[in-house]
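The block underneath contains the structure these notes are about, expressed in structure tokens.
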Amino acid sequence: MTSASTSTETHTWQASGDDAQPLLSVRELRVHFPTEDGIVKSVDDLSFDLGQGKTLGIVGESGSGKSVTSQAIMGLHRGTRARVSGHILFDGVDLLQISDSELRKRRGRDIAMVFQDPLSALHPYYTVGNQLAEAYRVHHDVSKAAAKTRVVEMLERVGIPSPQTRVDNYPHEFSGGMRQRAMIAMALINDPRLIIADEPTTALDVTVQAQILDLLVGLQKEFGSSIIIITHDLGVVAEMADDILVMYGGKAVERGDADTIFYNPEHPYAWGLLASMPRMDRLRTDRLRPIAGNPPSLINLPSGCAFHPRCVYASDELGCREIVPPFENESEHPVRCLIPHEERLSIFETKVRPTL
Amino acid sequence: MFAYVVRRLFSGVVMLLVMSFVTILLFFSAPVDPARQMCGKSCTPERIEQTRKALGYDKPPTTQWAAFVKGVVVGRDYPADEQMRKEAPQNVVHCSAPCLGYSTVSQQMVASAVGSHVPVSASLALCAFVMWIIAGVVLGVIAALFKGTVLDRTIVGASLLFYAFPTFALALGIYTFFALTPFPGLGHPLFPIPNYTPISQGGVWTWFVNLLLPAFTLALVFIAGYVRITRSFVLESGQEDYIRTAKAKGLESRRILLKHTMRAALTPIVTIAGLDLGGLLGGAIITEKIFNYPGLGKLAFDSTVNYDLPIIVGIVLVAASFVIVANLVVDILYAVIDPRVKYS
């Protein structure tokens with residue numbers, strides 16, 4: 001399936017100390033957009049791994065660099081003004097180094113994407129069946145009839161009723177949930193090894209969101225794909241993710257397995273995210289606890305730790321204004337914070353956990 | 001859909017009725033007396049009065065308008081005055097439907113004068129239309145693909161230059177350079193002097209060769225809009241989510257452009273193309289006059305110079321119906337192009 005990866009243009013990056021090579025390995029990824037006002041550092045020095053069949057949740061506010069990261073993996077910044085550097089190793093091949101045509105062969109076939117708003121992500125003038133068949137036929141040399149059979153099969157698989165007739169409908173004739181099911185069918189039609197779901201439930205009714213997540217989880221088990229799920233909604237990752245990466249201001253600020261992030265988070269921003277989940281068991285005035293302040297400007301990031309202006313635990317003794325905290329990428333649970341590890345644990349236990 | 005078309009046609013007819021009434025009112029406020037015009041130098045007041053009665057100009061405007069509308073629908077008889085028809089039945093002339101009146105200046109039925117000029121303007125408009133649509137869209141796509149380069153600036157700049165240039169100067173320049181001056185190295189002009197030849201007389205090729213220069217002139221005038229619309233659409237659609245989806249599928253950029261972008265670009269292009277074509281079918285006054293092309297535009301020009309008011313009324317109505325029909329066709333095409341559009 002991935003015989004193309006033996007091409008001469010491929011560049012490999014040696015992962016140090018890893019026994020099993022992860023499916024996706026992002027190292028020092030930077031995506032910068034030069035603008036008249038300065039350089040927008042949408043993603044700055046981001047590194048993470050994703051194993052075969054695993055699910056990674058990338059969590060953060062708007063503008064934290066989540067979506068830009070996913071588009072960098074798909075190579076969708078090519079041909080734009082964005083400056084992308086670093087390494088994106090997919091199955092040992094650096095996606096930032098291969099040619100456009102090599103990358104194009106992998107798009108949709110090895111790596112597929114589910115977008116946020118399925119109504120605008122589908123072409124309004126073509127039938128759903130036409131668009132799904134096209135996605136299949138780009139990578140498979142089959143007749144139109146064979147492609148249609150495959151499309152109907154996939155539509156049925158994602159739970160669209162009477163797919164035989166629905167296949168000839170236009171996107172506007174589908175409901176929101178059905179459109180997202182169709183998008184998922186389109187992503188899965190080539191049996192990809194990696195699915196990137198960029199806020200897949202944000203545009204949907206709350207009642208439909210859980211159905212779509214269940215569908216993704218079920219299909220992942222069946223197809224064995226890895227998933228990157230990008231969201232600002234911790235509830236979504238709680239349901240799906242094995243590992244969670246928390247992003248702030250274009251940088252990773254904390255990474256760990258889902259249990260760690262939910263039960264023992266160490267970054268004050270992650271604490272804020274957890275605390276900001278609505279809780280119905282509290283008094284109405286206390287149900288929502290937002291993180292104070294606004295997301296930072298990506299052109300003029302705050303000096304030192306980018307989170308310090310919003311962080312109640314930041315202090316000048318720690319140097320939060322001057323020192324950019326390091327991120328121990330090789331560790332199991334790296335945290336980008338200057339507060340010493342023991343102190344973070346005790347703050348969480350004594351001040352944060354009781355309020356969650 | 002059918003009900004929609006009927007409704008739109010009905011409103012089109014109402015528009016034409018209003019328009020004909022306004023034109024006939026204007027006709028009355030014009031400082032010329034058609035009856036006096038017809039009569040020549042040695043004219044007696046009795047004779048003028050007789051002519052006026054024969055053509056119905058002695059009646060109030062509303063009556064004349066009613067007679068005009070009736071003539072369009074079922075035809076009418078001249079002289080308009082019933083008394084005169086009874087007195088000399090051998091002189092009665094029938095103007096069959098659609099009767100647009102009688103021109104005293106050119107002494108012919110307006111419908112036949114206008115009708116004989118329609119094919120010329122239609123040929124010209126269609127030929128120019130094909131040229132500017134193809135060239136405009138292709139150049140617009142090229143400009144978008146090479147955005148910011150010299151090529152892009154040349155295409156956009158040149159099309160704007162032709163657009164900004166007064167049509168008469170452009171037409172004269174093309175006429176002089178291609179049809180009058182010997183072409184360098186050739187000894188004779190590149191094109192014969194354009195002289196409209198119907199297909200029935202000279203065949204398709206002669207018809208086409210004679211159309212080329214005036215059609216080219218019109219195409220140059222109209223192309224700018226199409227270059228701009230196509231260029232900006234192709235550029236903007238790069239931001240559209242469905243284009244991003246197409247890229248994410250692994251499609252080649254050529255296929256994305258041809259299948260996904262251009263399909264969506266049809267809507268804005270059809271919108272302006274329909275209106276431009278509808279307007280142009282009513283005649284291109286300056287171009288036709290300069291190339292001496294006997295279309296509606298030249299007829300309108302000549303009739304204005306000669307105060308040939310009945311012909312002007314006829315041209316106004318015919319040109320207006322072209323615009324109304326073109327609008328209707330565009331609206332129907334929306335439903336064909338965009339599956340989300342449904343008329344009921």
Problem set entry | Matching residues, the stretch B:235-279, being of a type in the set (S, T, N, Q) and part of a helix (DSSP H, G or I) | B:Ser237, B:Thr245, B:Ser253, B:Thr261, B:Thr267, B:Thr271
Exercise. Any chance the stretch A:134-143 includes a residue that's hydrophobic (A, V, I, L, M, F, W, C), farther than 24 Å from B:Arg340 by Cβ and not in a loop (DSSP other than H, G, I, E, B)?
Worked result: yes
For this session: For the stretch A:174-199, enumerate the residues that are touching a residue at least 40 places away in the same chain (Cβ under 8 Å) and either in contact with a Pro (Cβ under 9 Å, 6 or more places away or on another chain) or in a helix (DSSP H, G or I) (or both).
Result: A:Phe174, A:Gly176, A:Arg179, A:Gln180, A:Ala182, A:Met183, A:Ile184, A:Ala185, A:Met186, A:Ala187, A:Leu188
For this session: Working only within the stretch B:101-134, note down all residues that are in contact (Cβ under 8 Å) with a residue 24 or more places away in the chain and assigned to a strand (DSSP E or B).
Result: B:Tyr102, B:Ser103
For this session: Working only within the stretch B:322-341, note down all residues that are in contact (Cβ under 8 Å) with a residue 40 or more places away in the chain and either within 14 Å of chain A (Cβ to nearest Cβ) or among the polar types (S, T, N, Q) (or both).
Result: B:Asn327, B:Leu333, B:Tyr334, B:Ala335, B:Ile337, B:Asp338
Exercise. Looking at this structure, is A:Ser70 within 9 Å of chain B (Cβ to nearest Cβ), in a helix (DSSP H, G or I) and either under 30 Å from A:Pro290 (Cβ atoms) or aromatic (Phe, Trp, Tyr) (or both)?
Worked result: no
Exercise. Does A:Arg336 count as surrounded by 13 or more Cβ atoms within 10 Å (Cβ to Cβ), among the charged types (D, E, K, R), within 19 Å of A:Gly60 (Cα to Cα) and in contact with a strand residue (DSSP E or B) (Cβ under 7 Å, 6 or more places away or on another chain)?
Worked result: yes
For this session: Look at the stretch B:143-155 and say how many of its residues are of a type in the set (A, V, I, L, M, F, W, C), in contact with a helix residue (DSSP H, G or I) (Cβ under 9 Å, 6 or more places away or on another chain) and surrounded by fewer than 19 Cβ atoms within 10 Å (Cβ to Cβ).
Result: 3
Seminar exercise, completed: Among residues of the stretch A:98-117 being at the interface with chain B (Cβ under 9 Å from one of its Cβ atoms) and part of a helix (DSSP H, G or I), the residue surrounded by the most Cβ atoms within 10 Å (Cβ to Cβ) is A:Arg106
For this session: Answer yes or no as to whether A:Leu56 is buried (at least 19 other Cβ atoms within 10 Å of the Cβ), touching a residue at least 60 places away in the same chain (Cβ under 8 Å), touching a Ser or Thr at 6+ places or on another chain (Cβ under 7 Å) and within 28 Å of A:Trp271 (Cα to Cα).
Result: no
Exercise. Which condition number does A:Val158 fail, the rest of (1) closer than 22 Å to A:Gln116 by Cβ; (2) in contact with a helix residue (DSSP H, G or I) (Cβ under 8 Å, 6 or more places away or on another chain); (3) within 14 Å of chain B (Cβ to nearest Cβ) being met?
Worked result: (3)
Problem set entry | Scan of the stretch A:129-151 for residues that are under 14 Å from B:Lys249 (Cβ atoms) and in contact with a Leu (Cβ under 9 Å, 6 or more places away or on another chain), ordered by number | A:Gln131, A:Leu132, A:Glu134, A:Ala135, A:Val138, A:Ala147, A:Val151
For this session: Kindly indicate whether B:Ile332 is in contact with a helix residue (DSSP H, G or I) (Cβ under 6 Å, 6 or more places away or on another chain) and aliphatic (A, V, I, L, M).
Result: no
For this session: May I ask you to list the residues in the stretch A:178-225 that are closer than 14 Å to A:Thr55 by Cα, buried (at least 23 other Cβ atoms within 10 Å of the Cβ) and polar (S, T, N, Q)?
Result: A:Ser225
Seminar exercise, completed: The correct count of residues that are more than 9 Å from every other protein chain (Cβ to nearest Cβ), closer than 22 Å to B:Glu240 by Cα and free of Cβ contacts under 8 Å to residues at least 12 places away in the same chain in the stretch A:118-152 is 1
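No value in this document is a laboratory result; all are computed from the given coordinates. None of these values were measured; they are calculated from a predicted model. Note that we place each Cβ from the backbone using ideal geometry, even for glycine, and neighbour counts take in every protein chain shown.
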